[in-house]
Every structure is written in structure tokens, then in C-alpha cells.
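Rule-based calculations on the coordinates, nothing more; no lab input. None of these values were measured; they are calculated from a predicted model. Every residue, glycine as well, gets a Cβ built from its backbone with ideal geometry; the counts of neighbours run over all protein chains shown.
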Amino acid sequence: MSVASFARSVRRAPTLTRNVYAAHMRIAHLSDLHVLALQGVPARRFFNKRFTGWVNLRVKRAHKHRLGHVHAVAREITRANVDHVVITGDLTNLALEQEFVAVRELLEQDLGLRPDQISAVPGNHDLYTRGAMRDQRFTTYFHEYVASDFPELSASLPQGRFPFVKLRGPCAIIGLSSAVPRPPLMASGMLGNLQLEALSRILAHSEVRRRTPIVLIHHPIHNPPSKVKTFMEGLWDADALLQKLSGIAHGLVLHGHLHARRQRAHSTPVGELLSVGATSASLHHDDKHKMAGFNLYEFDDAGSLLNIEAHVLDAPSETFHVERIPVVV
């Protein structure tokens, strides 16, 4: 689905009068920061899944993910004069307390936004261990980023209360948690029945129905064709989620996890959803569709999507250029 067709579908839907919303709502989307902070962490904290994660960092990831890129992306988002920032998971690398503190400080210092202007959902790295889930580290350290305008509609889950919903101008930002602790080498996600039922309640709310829904989730809604890869890395209940979203005539599903920019249309019985992935904000890569950056979405006061683009980091100069987001069929 192109931006133009998305906009036409929105204009056919009932909307509030134009003077209710501020024009040109700008939303920045970043993902997969993978902030690493190991200073002062005792060795015993690695006697679990973190050991394989640490080895992976040393062998594969250390030279690819750069904290400086995240700082550059955050500062560029500030210069872009956005109204809201959404982050689709994997803010940390090993779900250590030091990492959550480092991410919070980075966002507060470099973005310069109020906490109510930021929405974040966890990725599999943010619930890397059962201890991270038991302590509800993500929702504890980022409680303002997961605050809901209708908390009574959320489900009480081991990792916190999800989904959350935030009414922002013509948009309803809905945050889902697909992150669950997995054994080593697994990165798959799952929502569960309680969260899916809560999502139905949120989508049925009158204030949500009159806005354009923007669903945040770490794992993409389209699983790979391989059943083995879906089991290891995909969203186990993706079909159930798509069923819950089947009544949406127009909206966005924003995700991370794949470390690549991509957009893909999904038809519903009443319209179309546009699924858009962001690359890792820390990733250094030769492929311009994977190099660190962020996506930018602009809506008019009726909730029509006016523009979608990727801002890609040019590492040597720490400048950014605009690219189109590739369409995947």
C-alpha cells in the first residue's frame, strides 16, 4: 500500500472536525538500540543466557553496534522537531539494570522531550532472562514511556501492564509486549491470550476508533516462511494478532527485530494495514537499508498519512540523508 492509497483510505473513514487536532503530527520511529553497559557487573550475572549473549557480542556484534550512532540518531530526531517518538524494543542488550539506566539517561539528554512524548515497548533483549521479567525492569525503568491513557483496559502480565494506549492528536498509539524470556539462541516472541483480549477492548474504545491506530510491537506481524525460523525468531501468535486487527480500515504496525527498513501492506476485510520496520539505531552496516537511522511519519490533522521516510546516518560526517523505505511484497 502506498502513502497515497493509505491517505485515501483514511479520508474515507469518519474523523473528528479539523480544528480538534494540530496539523502535521510528526512521529519518529527508532528501534533496537542495543545499549550495552557492563561496568560493575559481577561475573555471576553471566551464569545464564547472558553468557551466550556475551559471546555473541564479542564474536559478532561488538564491531557492528555502536553507541555513538544512537547518540547521533537521538540528536537528529531532536532537530527534526517531532511531536512524539516511538521505540520498538531491544533498548538494552542483556537486560541489566545498568543498561536500563544508560538508555534512560541517553533518551533524556539527547532527545530533550517530555516523558509523555515517548512511547516504548520491550524487545526480546529487554526480557533477556526470567529475572528481568520477574523484576519488571522494563516497566520499572521506563514506566512513563508505557503509561496508558486507559490503564483499566490493559492486562496484568508478568512483565507489566500491556497493551498501553496513548491518544496523541489524530493518532492512537498502542504498545504491545511480544517479549518473553527464551532459552539460549532463541529470540521468538508471543503476546498471549490476556494481552490479545485487552487489545480488543482498546480497539473498541470510542476514542481509539475515531483515530488512526499506530500499533507498536517488537516482532513483525509477518513471520518468515520457514517454520523453524518462525519457531526460533518469529511471533508465535502472529495469526491471532492479525485477527484482532482485522477490523481496522487503516493504520500502521511499527516493528523492529529484523534490523532492516521495510514496509509491507496487509489487507484486512475493511481496508489495509501498513507494517513498517525500522533498522537498529546502533547498527553500522554497508547496506543503506540497514545502516543506523530512524523512520519519520507525518500525519495531517485528520489522521491521514502524508509522508513516510527514513533518515539514514552518514557515519563519517554524522549527518543524515533521506531514503525511501523499501516495499516488501
Sorted by packing (mean other beta-carbon atoms within 10 Å per residue), highest first, where do 177-188, 239-250 land?
-> 177-188, 239-250
Which GluC sites (Glu not before Pro) does the range 230-321 hold that lie in a coil by DSSP with at most 10 other beta carbons within 10 Å?
-> none
Label zone at GLU309, where the point sits 7 Å out along the Cα-to-Cβ direction: the range 159-178 residues whose backbone N lies under 19 Å = none
So for MET190, MET232, MET291, fewest C-beta neighbours within 10 Å to most, what's the order?
-> MET232, MET190, MET291
Helix 3-12 sits at what angle to the longest principal axis of the chain, using alpha carbons and giving 0 to 90 degrees rounded to 10?
-> 50
Reported label for calculated P(r) over Cα pairs in 10 Å bins from 0, in percent given (i) 6, 28, 38, 23, 5, 1; (ii) 6, 20, 25, 21, 13, 7, 4, 2, 1, 0, 0; (iii) 6, 21, 25, 17, 12, 9, 6, 3, 0, 0 = (i)
So which aspartates and glutamates can LYS290 reach, going by Cα to Cα under 20 Å and dropping same-chain residues fewer than 8 places off?
-> ASP32, GLU76, ASP90, GLU233, GLU309, ASP314, GLU318, GLU323
Helix 67-79: inclination vs the chain longest Cα principal axis, degrees, rounded to 10, gives 20
Rank by packing, highest mean first: peptides 310-316, 257-263, with packing defined as the count of other Cβ atoms within 10 Å averaged across residues.
-> 257-263, 310-316
For the residues THR230, THR319, what sequence is obtained by ranking on other C-beta atoms within 10 Å, fewest first?
-> THR319, THR230
